[in-house]
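Take a look at the structure below.
Laboratory data are not the source of any read-out in this text; all were calculated from the coordinates shown. Keep in mind the model is a prediction, meaning the values are calculated, not measured.
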Amino acid sequence: MNSVFVSLPIKIISLIRTNDQSLGDAIREFLHSYRLEDKLHETRLIQSWEKVVGAMVAKHTQGLYIKNKILFVRIDSSALRNELSYSREKIIRDLNREASANVIEDIVFK
């Protein structure tokens, strides 16, 4: 067996072999069947934080995580925290756009 397929689950391998689906469709089905789609979108959103808010803001943030559609962000500057709270809706919209899904509905700056 080809070494590329060794680490893939049997379900994906069988879908690839039958050529009934494209590889992209097989991966989407795999993510859906193992309920990994939401985690993938959350990861994309968190990875896009610096792109959305800029490098300067990203340097002052840490501990980003999502729980119940709320993004929690630890900011080391109270002035920056206050400034970001005014841009909350735009940041939410831009992050969701980068993740290609409605991942978060609110942000809590700590």
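Amide hydrogen proximity for L64: with H placed 1.01 Å from N in the peptide plane, the residues at 5 or more positions away or on another chain lying under 5 Å are R74.
When N is the residue count of region 39-109, what does its C-alpha Rg come to as a fraction of 2.2 N^0.38 Å? Spell out each step's value before the answer.
Numbers: Rg = 10.9 Å, N = 71, 2.2 N^0.38 = 11.1 Å.
Working it through for region 39-109, the quotient is 0.98.
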